[in-house]
1. Here is a list: Val403, Val411, Val421. Which entry is crowded, with 19+ Cβ neighbours inside 10 Å, over 15 Å from Ser286 (Cβ atoms), out of contact with any Asp or Glu (no Cβ under 9 Å at 6 or more places or on another chain) and in contact (Cβ under 8 Å) with a residue 60 or more places away in the chain?
2. Scan Leu327, Leu271 and give me the residue that is of a type in the set (A, V, I, L, M, F, W, C), more than 26 Å from Thr470 (Cα to Cα) and either touching a Phe, Trp or Tyr at 6+ places or on another chain (Cβ under 9 Å) or modelled with pLDDT of 50 or more (or both).
3. Checking the structure you have, find out if any residue of segment 110-120 is farther than 24 Å from Glu81 by Cβ, modelled with pLDDT of 90 or more and in contact with a Leu (Cβ under 9 Å, 6 or more places away or on another chain).
4. Look through segment 274-312, keep the residues that are in a helix (DSSP H, G or I) and over 25 Å from Leu202 (Cβ atoms), and return whichever of them is modelled with the highest pLDDT.
5. Counting only residues that are of a type outside the set (D, E, K, R) and more than 18 Å from Thr251 (Cβ to Cβ), which one in segment 151-167 is modelled with the highest pLDDT?
6. Which one of these is under 18 Å from Ala653 (Cα atoms) and either assigned to a loop (DSSP other than H, G, I, E, B) or in contact with a Ser or Thr (Cβ under 7 Å, 6 or more places away or on another chain) (or both): Lys711, Lys724?
7. So Met574 passes all but one of these: (1) in contact with a helix residue (DSSP H, G or I) (Cβ under 7 Å, 6 or more places away or on another chain); (2) more than 17 Å from Gln505 (Cβ to Cβ); (3) of a type in the set (A, V, I, L, M); (4) part of a helix (DSSP H, G or I). Which condition number does it fail?
8. Evaluate segment 117-127: report whether one residue or more is over 23 Å from Arg180 (Cβ atoms), in a helix (DSSP H, G or I) and more than 36 Å from the chain's Cα centre (by Cα).
Amino acid sequence: MSAEGRSAVGTGIRNLLRRLTGPGISVNDIQTRDVELIATSLLPSSPKHDRSIAYLCLSRICEDVHKSTSSDEEACRRIAEVISPLVKATFEGTDGTDDVSKYLPLTYLLASLFPLSPQAGILLLNQLAEDGGEDVASDTDALAVLLEVAELSSPLQPALAELLAQAAGTKVGRELVRSRAVEWLRGGLSFGGSDRKELGALCAVALSKLGASIQASENGAAEGSVLDEQDQQALCTTLVDHVLSKPAIPTVLPTIEGLSILSLRPRIKDLLAHQPTFLRTLLSYSPVPAVRGGSLPVTPRASMDLEDGTLSEMTDTSLCYGITTILVNLTARRPVLSNEDEQIAKIRAMAISGKKNPETEVPDPLEDDEHVRERVGVAIRAGVVSAMRGLVRADSLLVKSSVGRLSLNLVEDKENRPIFVRDGGFRSLATIVRDLLLPSKTKQDTGSTKPTQIDTLPALQALAKLIITTPPNLLFPPPYPTTCLNSLVPIYTLLCHPSSSLLQQFEALMALTNLASINPDTADRIVEASIVLPATTSHFIGSGRESPVRIMSKVEELMLSDNNLVRRAATELMCNLTACEKGMEYFASTNDARTRSKLNILLVLTAVDDLATRLAAAGALAMITDAPVACGSLLQGSTDIESNSGKERSTWARLLGLLEPDEDEDEEGEKIQVISSTPLLPNIDLAHRAITVLFNLVAHIVGLSADERKKILKVARSDDIENKLMAVLRLPVGQEVLAPTVEILKILKRYPASQ
C-alpha cells in the first residue's frame, strides 16, 4: 500500500471511531466498507496507532451489540452477521490459486475478534463458502480454505498461525483448533526455519494453549495426545529462540503469552531460570528508563512514588502483563495450605476421583524452597527489580497486581530485601500500592463486561515484610517520620481485609508495631484510625462499601486469637500503642464497662503460656495504670469478683501470679514437679512489670475513702499479697524491683486489716 493509501486508511479509521463513539449509533449502521476498513487497518503493515484504533472500533462494535441484546448467543450471532459480508467477499470466486494477500485482512480481523467474541469467530470460520466458485466444495468452510491455502509458504501462514493461537486461548476455540488444525500447527513448527522464527513461535504458542503433543499420534487423531515433558521443552526452546532474536513488540507478544502458559510447569521454570541471557532479553522489553546513580531512595516525599523522565513510546499493557506473568511463575513458591484448606482440597479430590481415599499428589522436587530460592536469585541478578520501574507504568490494575505478587515473591527471603530496596524496588512497590488503593481505580480496565477481581493483598504483604525488617531511615525517604505515614493505610487494609490470611494479619501487626515505634505521633494516628475498605479490594461483588473498622478494635480482636503468634503480635502492638498519649486515653479516659473489658483482656493475657505475650500484656498494664482511671477500673473489677463468690481470680491474684516461678504443665494441664537443688525463680522482667502495676494500684488506694480502701485491701490480703511481696525481697533483683516492693509493704502496713 502506498503512503497516500495508508494515510487515507488512517483518516478513515479515525473517523469511524468518532462515529462509533458518537450518540445514536447502532449496529445496523455498520456497513461492509466499515468492516473492510477495520480489517485493512489491522494488517501488520499498518501503523501501530491505526491498528490500535481499529481494535478499539471492533471492541466497541462487540460491546454495543452485547448491550443491545438479551443473550450472549444472540449477540454473537449479530456480530457474525455484521462481519459475514466480508467473509463472503473474501472467498468469492476462490479456486485455490488466487493471490493469498486477499485472505490477510479477514484473517487478522478474525484473530482480533476471538478475544472479544469467540463464539462469533467460530460462526464465521464455520461459514460455508457456498459462493466460492465451481472448484470449491459446497461443504467447505472458511477455516478449511485457509488451512488449504496456507500449506504453501506465504504471508498467510503467520496470519493463520496467529488466528489459531488466539482461538486456542478460548474454550470454544480450543475445541475447534484441536479437532481441525493441530496437524497444520505441528507442520508449522517445521515451517519455521531460522529465517521464519515468527511462524514457528506462533504455532508453538497455539500448541501450548491446547496442551497438545507436537508429535502426531499413531492413529493420526489429534485428540488424546497431550503435551509431555519433552514436548514442553521443545516448545519452550522454540519460543525462547524467538525472544532471543529480539523481534519487534507486536511479533514478540504472542511468544511471551505462550511462555507465560508453559512457565506454569516446574520443568520449564527450571529451564528458563538457567538461561540468564533469555531473562535479560525478556526484561529488555520492559519500558525501563536508564538506571541512574544512587542506590537508596533519597527523593522528597512529593516524588517518592514517581519516576523522573518520560518514555519515548506508550507502555504496552499486554507486553507488561506477559513479562510479569512469566516472572511471577518463575519466582512463585508452593502455597502453604492451612488445615482447613487441606481438608477442602481432599474433599475436592474425592469428588473428582470418586474415591474415599484418593492418591495424594507428590510435590515436584523442582518446586521446593531451595529451587525457588535459586530461581529468585537468578531473576534478581538479571535485573528484575530495576525492570519493575517500567512494568508499573502500565495503565492496568491487573499488571500492577501481578507486579505486587512478584514483589512479594522477591522479598520472601530476608536476604533479598536489602537488594530489593537498593535497586529501587520499594519505590515501584509504593507506586503499585498507591494505585491499587486509589478510589478512582474502581472501574475495571480490562474492557470486559464481567468484573475482574484485583488481588491487592500480595503487594500489601510485600510492603509489610519490608517494614518489618528494614530500618525506617533506609526504607522511607527523608524526613522518614513523615513519609512513613503513607504506609499506614495500606497496612490497615492488609490487617482488616476479610480475605487476609492469619500470616498476612500477623505481618500487618508486626509492621504496625514497627511504625508505632518511630515516634509518638505515628502511634497516635494508629490509635485513632478507622478504615473503610476500598471497592478495589472487596472480593464480594455487589456488597458495596463496608462500614468503618476501627484499627484498635481489630487489634483487640486478634489479641484473643487462637494462633499464638498472632495473639503475641497483637499484644506487643497494643503495648507499643499504650506509650503514646492517645493510647493512654483509649484505656484510661473513662471508667465504664468497655474500659474494664479492655483492661481485663490485658490482665488475662498475663497468664497465657507464651512468655513474650505475658511480657507485652504486663508492660501495657504497667504504663496504663499510671492513670488513676485505669487503676479504678481494675480495682472495681476485683471487688466485683469478690461479690461473685470468688468464681474468678481477682486482679490481685493474677498480678501476684506473675511473681511465682513458671512451671511446666503436662498434656492434661497438671503441673510437672521439677526435682532440683536450685530453687526456681520467676522471670525478672515479668516480676518488674507486675510490681509496677501493684505499686500503681496500692498508691491509688491511698486516695480512696476508708470504706472503699478496706474493701479492696480485704481482697488483696485474701490473696496473700504481703507474704508474696516479702518473698520478692529475697530474690536476686535490682533496685527497680526492690524499691517499689518496699513502698507497697509500707502502705499495706499503714492500713492493717483491723482498720
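The values are calculated or read from the model by the stated rules, or taken from the named source; none is laboratory data. Treat the numbers as computed from the prediction; the structure is a model and nothing was measured. Glycine gets a Cβ as well: all are built from the backbone with ideal geometry, and neighbour counts include every protein chain shown.
1. Working: Val403 fails: over 15 Å from Ser286 (Cβ atoms); Val411 fails: in contact (Cβ under 8 Å) with a residue 60 or more places away in the chain.
Selected residue: Val421, the only one of Val403, Val411, Val421 that is crowded, with 19+ Cβ neighbours inside 10 Å, over 15 Å from Ser286 (Cβ atoms), out of contact with any Asp or Glu (no Cβ under 9 Å at 6 or more places or on another chain) and in contact (Cβ under 8 Å) with a residue 60 or more places away in the chain.
2. Leu271
3. no
4. Among those residues, the one meeting the criterion is Pro276.
5. Ala167
6. Details: Lys724 fails: either assigned to a loop (DSSP other than H, G, I, E, B) or in contact with a Ser or Thr (Cβ under 7 Å, 6 or more places away or on another chain) (or both).
Going through Lys711, Lys724 in turn, the sole match is Lys711.
7. (2)
8. Looking through segment 117-127, none of the residues is over 23 Å from Arg180 (Cβ atoms), in a helix (DSSP H, G or I) and more than 36 Å from the chain's Cα centre (by Cα).
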